[in-house]
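Remarks on the structure that follows.
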Amino acid sequence: MPHATTKDNVRLYFEESGSGTPILFVHEFAADYASWEPQMRYFSRRHRCIAYSARGYTPSDVPATDSAYSYEHFRDDAIAVLDHLKIKAAHLVGLSMGAYSSLQVGIKAPERVLSLTLAGIGSGFEAAKLDQFRAECRRNAEQLETSGAAGFANGYGRGPGRVAFEVKDPRGYQEFFDALSRHDAKGSAFTMRNFQGGRPPLYEFESAIKRVNTPTLIVVGDEDDACIESSLYLKKHIAPSGLMMFPKTGHVLNLEEASLFNGAVERFIALAEAKRWGPRDPRSIKA
């Protein structure tokens, strides 16, 4: 199986398809490389598409220490995949945890990023709710360790941000739920405790976010309450950004509304490559 190796010798499984300008897909906490299949099939008609499983998600390696799961590790892992494939720069498309990592790549190594698609980003954003969010992450990690992935999925997999998916597409939701139930419980617990529960909130990077000059598409579902304020925040502070909100949609944007998601990202990437996705014209900002 194809793997990229990180600086700390963690092997990351990846799949690729197609040719052309590269797109790197970076998955959310409750998913893995396979969750991008609707995008791999669609975009590989015109692009070189790569999807990988993060550390802690089989068939990638599952490091056995908390210290191996910081947000910096996940950020640098995305760069390691590009390095392994000898890709100078790519369009990064991330969902949730993957969007956070993609943004961090855009901050640390903007020369590696052609564009950023940040979908469902920013859970735990509000300062007043940060302690509550981190405590919830610790409880989730404990549940993974005691109940396993199948038991955990019965709670987390049915959370508020997943309900819209279940309502509108029961078959697609069941496929997502079954995949979550098969996750490596130890790897997911490490990720939940350290990445999800330990990462700094977006506002701690405000000065760096204001310097992002990469074309950016921010996408959020109007029923993904945990990510709406953070999406508005990023729209405000990233000059070359656009914000799209999907109606009657929750957190799992790329699966719940695959056709809408693909169309939006395709148009955005085309405009970014044509140099037609620049900063907001100051004249459009009311004094």
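Remarks
Each row is one residue, and each column tells you yes or no for (1) aromatic (F, W, Y); (2) closer than 20 Å to E223 by Cβ; (3) part of a loop (DSSP other than H, G, I, E, B); (4) within 17 Å of the chain's Cα centre (by Cα).
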position	(1), (2), (3), (4)
L234	no, yes, no, yes
M245	no, yes, no, yes
H251	no, yes, yes, yes
N254	no, yes, no, yes
S259	no, yes, no, no
A264	no, yes, no, yes
L271	no, no, no, no
W277	yes, no, yes, no
R280	no, no, yes, no
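- Among the residues of the stretch 236-266, those identified as of a type outside the set (A, V, I, L, M), surrounded by fewer than 19 Cβ atoms within 10 Å (Cβ to Cβ) and either in contact with a His (Cβ under 8 Å, 6 or more places away or on another chain) or more than 30 Å from F177 (Cα to Cα) (or both) are K236, H237, P240, G242.
- Test set (1) in contact with a strand residue (DSSP E or B) (Cβ under 9 Å, 6 or more places away or on another chain); (2) on the phi < 0 side of the Ramachandran plot; (3) in contact (Cβ under 8 Å) with a residue 40 or more places away in the chain; (4) not β-branched (V, I, T) - P2 fails condition number: (3)
- The stretch 2-17: number of residues that are assigned to a strand (DSSP E or B) and either among the aliphatic types (A, V, I, L, M) or more than 24 Å from R45 (Cα to Cα) (or both): 4
None of the figures in this text is laboratory data; all of them are computed from the coordinates on show. Keep in mind that what you see is a predicted model, and the values were worked out from it rather than measured. Because the Cβ atoms are built from the backbone with ideal geometry, glycine has one as well, and the counts that use them run over all protein chains shown.
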